[in-house]
1. Evaluate the range 315-333: report whether one residue or more is farther than 23 Å from A238 by Cβ and touching a strand residue (DSSP E or B) at 6+ places or on another chain (Cβ under 7 Å).
2. Tally the residues that are over 29 Å from V129 (Cα atoms) and in a loop (DSSP other than H, G, I, E, B), restricting the search to the range 146-169.
3. Within the range 327-361, how many residues turn out to be over 31 Å from the mean Cα position of the chain (by Cα) and modelled with pLDDT of 85 or more?
4. In the same structural domain as V14 (by TED's automatic domain parsing), crowded, with 17+ Cβ neighbours inside 10 Å and touching a residue at least 24 places away in the same chain (Cβ under 8 Å): which single residue out of E220, E229 fits that description?
5. Given the residues A126, A143, A138, which is the only one that is farther than 27 Å from P156 by Cα and aliphatic (A, V, I, L, M)?
6. Taking the conditions exactly as written (without any contact (Cβ under 8 Å) to a residue 60 or more places away in the chain and either within 17 Å of the chain's Cα centre (by Cα) or within 22 Å of M223 (Cα to Cα) (or both)), does V118 satisfy them or not?
7. Looking only at the range 327-345, count how many residues are in contact (Cβ under 8 Å) with a residue 24 or more places away in the chain, surrounded by 16 or more Cβ atoms within 10 Å (Cβ to Cβ) and not in a loop (DSSP other than H, G, I, E, B).
8. What tally of residues in the range 255-273 results from selecting those that are at pLDDT below 70 and closer than 17 Å to T215 by Cβ?
Amino acid sequence: MVESSHGNVLPGRVVLLGSGETSPSGRRAFEEVFRNFDHPPRVALVETPAGFELNSARVIGRVAEFLQHHLQNYRPQIEIVPARKRGTPFSPDLEEIIEPLWRAEVIFMGPGSPTYAVRQLRHSLAWQVILARHYLGADLVLASAATIAISRFALPVYEIYKVGEDLHWKEGLDFFGMLYDLPIVFVPHWNNREGGEELDTSRCFMGSQRFAQLTRILPEASMIIGIDERTALFMDLANMTATVYGRGGVTVIHSGEPHEVAVGQTLDNPELDALAGEIGSHVHYFQTGATFPLDICCPFSVPKPGAEIPAAVWEKALQIASQKQEETPPPKVIELVQAREAARRVRDWATADTLRQEIEQLGWRIQDTHQGPQVKRQQG
């Protein structure tokens, strides 16, 4: 729990996908996030990782369509953040471009280039607001390129796999290092098999042998977390637990003496065990469905509210969060809104009108939109 001038607040959850944000596994991950809201969640989809692509709007648009279609029962209120490139009209430093982030309750970033995302977001207004919103309870859902980008060191996948550059690492956004004093390197597509029998494309297309070399040249000691394809690692930082969802599992390589974990499994992978031992680490594997306390592998420090965030950004985030709390309808109003929606579905317009009047008598007004009903406090 975090203490701040805003009162007692809890950091948001962080959900990391190895791949498949628009697959059934991705749907399950979003469902686990959305089900905790008693109102339609405000969702911001950040375009940045794919901002260099000519069809970047379409890339993030497919995610929006997926959420609207496959999770329509939660009526997510989706806004696109077209923060594509610095120094352009779509810069992540422009207030009008990143405006949806200030009130977002769920923030998603996904496919694209990890190193491009790092270059565009590092020290940007967009990234500062994302950090502030996380401190104040917003959930982050990150997939593939974005998962890599938040690492202490980001794996330059395109540069090595497509261009043929020598093995190296790039500085990442270091989300967990900045906020929780824990440097982590995330590797999605951990069990990728696109190369078939001829080419090892595991370890995010690096292959086991090349990834071993990359591990040996990490600039500093870091925990390595590999996330299988169509698999999500759901990190509840307020309760310090993690759960694995999807079709695969999560591999954790961390320093310290080897120890047993009740919910973990030992992998039959002597090569990986040997590599971990070589760098003074050991391996845990958590299969789908496993829930484990984060402190068995990840000794997180409690973050200080507003750390790493400019004072002006933090104060504005606090102010908007306070306004948002005042705008959130109470459970009774939400119950009436849901009852009215049920009446409308069966075309019981008389009951729907009566429920609308009850909502208005409680000081709230309801507006019907394509995304579902929106409830706002009446003015005056």
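The values are calculated or read from the model by the stated rules, or taken from the named source; none is laboratory data. Everything numeric in this text was worked out from a predicted model, so none of it was measured. Neighbour counts run over all protein chains shown; Cβ positions are idealised from the backbone, glycine included.
1. Within the range 315-333 (the criterion being farther than 23 Å from A238 by Cβ and touching a strand residue (DSSP E or B) at 6+ places or on another chain (Cβ under 7 Å)), the answer is yes, since at least one residue qualifies.
2. Total satisfying the criteria: 6.
3. So the count comes out to 22.
4. Result: E229 is the single residue among E220, E229 that is in the same structural domain as V14 (by TED's automatic domain parsing), crowded, with 17+ Cβ neighbours inside 10 Å and touching a residue at least 24 places away in the same chain (Cβ under 8 Å).
5. A138
6. Yes; evaluated as a whole, the condition is true for this residue.
7. 6
8. Residues in the range 255-273 being at pLDDT below 70 and closer than 17 Å to T215 by Cβ: 1 in total.
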